[in-house]
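Enquirer: Can you read through this structure? Questions will come right after.
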Amino acid sequence: MIGNAIVLRPSYRKTIIRVRLWLLCRLCDGVRLFFYAIYRILPPIMFRPTSAFLVKIVISLILPRRRIVQNLNRAFGETYASATKEGLAKGVQLHFARNIQDCLIQWLFPGHILSLVKVKGIENLQRALAKGKGVIALGAHIGNFVMAGTRLGIDGYPFHILFRIPADKGVQSFVEQYIDSSFYLKLIPSHPRKMAVRRVLEILRRNEIVFILADNLKKGKVPTSFFGQPVRSPRGPVSLALRSGAVVLPVNLIRNYQGGLDLIIDPEIPISRNGNVAADIVCNTRLLTVYLEDLVRRYPDQWNWLTVRMGKEEAHRFTPYHRTPRA
């Protein structure tokens, strides 16, 4: 004990993390079975109102409004009033609840997404694939990121997602059994890291699509600026693009005002190659981070990632990312 604080040994911390993960996995199993029972008993039209209460409880546990407001405060400061940020936080929870329900319905009825999603910007994907070097679909924890590739998978595009799968065998079994058949995605475990990199490069050589969430601004290697505050951005997307020659293409599944989902495929983000690999990684990673900031500004009520670690000191602001207008 140091002062009034209790310091745990590393082995104890790991045990606590494993126990928390086990409890979370058991909770997910219970919730999944409960929803499955509801869907087996009730007609599909009754699923959303019947499951809404339980989903709301789950959301309050895994996505607390207080944490969302903290993120919005860090990002937007005094740009928005406190009441506005509270409203945005409520919107984040509401959208996330709808996303969970859509994922459950898709799991039980794999054709659900056809009536739910409209694709915007498919010509950007077709141009990227025409280059023959594969596509790194750049995503973020915005909108329904879990189903971002499902519609493209149904339409015949080989779509892979780099994903950290928990070590729990029950979760792994569930993922392997249902994700491929219900969500039309191929999962690439992000660990072991070297094996994941090899698989990603092999897939890109086949001119296929790999979806990577790029907003894990927590344990990255590259110092960048996010909303004017220093963060550590992952170098993975840029490093893979430089090694493979793949196109980096933003792909996000966003909730629209009608309650449906729009799969928005933005134009390619050009990756500069100047011969100095280390400098290229830093320069391009900063460009991607600025794009992510622009994305959060567009959809602040759908940004549901809570582990961004922003510094407290003002950092250098980089040149804003400008999107190329669609033809």
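The values are calculated or read from the model by the stated rules, or taken from the named source; none is laboratory data. For clarity, every value in this text was computed on a predicted model and none was experimentally measured. All Cβ positions, glycine included, derive from the backbone under ideal geometry; neighbour counts span all protein chains shown.
Enquirer: If you take the residues of the range 72-93 that are at pLDDT below 90 and not aromatic (F, W, Y), which of them is surrounded by the most Cβ atoms within 10 Å (Cβ to Cβ)?
Expert: Selected residue: L72.
Enquirer: Can you pull out the residues in the range 94-128 that are modelled with pLDDT of 95 or more and within 16 Å of L263 (Cα to Cα)?
Expert: Residues satisfying the conditions are V117, K118, V119, K120, G121, I122, E123, N124, L125, Q126.
Enquirer: Between I269, I264, I281, which is assigned to a loop (DSSP other than H, G, I, E, B), closer than 25 Å to V200 by Cα and either at pLDDT 95 or above or aliphatic (A, V, I, L, M) (or both)?
Expert: I269
Enquirer: Can we say P250 is modelled with pLDDT of 95 or more, in a loop (DSSP other than H, G, I, E, B) and surrounded by 14 or more Cβ atoms within 10 Å (Cβ to Cβ)?
Expert: When the stated conditions are applied, P250 does not pass them.
Enquirer: Checking the condition part of a helix (DSSP H, G or I) and closer than 15 Å to Q101 by Cβ, which residue from I68, I57 passes?
Expert: Just one listed residue meets the conditions, I57.
Enquirer: Now, a different point. Looking only at the range 225-246, which residues are assigned to a strand (DSSP E or B) and over 19 Å from the mean Cα position of the chain (by Cα)?
Expert: Result: S225, Q229, P230.
Enquirer: Could you give every pair whose Cβ atoms fall below 7 Å, whose first residue belongs to the range 270-283 and is farther than 15 Å from S244 by Cβ, and whose second residue is in a helix (DSSP H, G or I), counting only separations of at least 6 or pairs across chains?
Expert: Qualifying pairs under 7 Å: S272/D280; S272/C283; S272/N284; N274/D280.
Enquirer: Please find, among L217, L201, the residue that is over 20 Å from L129 (Cα atoms) and either basic (K, R) or not in a strand (DSSP E or B) (or both).
Expert: Of the residues listed, the single one that is over 20 Å from L129 (Cα atoms) and either basic (K, R) or not in a strand (DSSP E or B) (or both) is L217.
Enquirer: May I ask you to list the residues in the range 206-260 that are without any contact (Cβ under 8 Å) to a residue 40 or more places away in the chain and of a type in the set (K, R)?
Expert: Within the range 206-260, K219, K221 meet the criteria.
Enquirer: Go through (1) under 25 Å from I212 (Cβ atoms); (2) touching a helix residue (DSSP H, G or I) at 6+ places or on another chain (Cβ under 8 Å) one by one and return the number of the condition N71 breaks.
Expert: Here N71 clears every test but (2).
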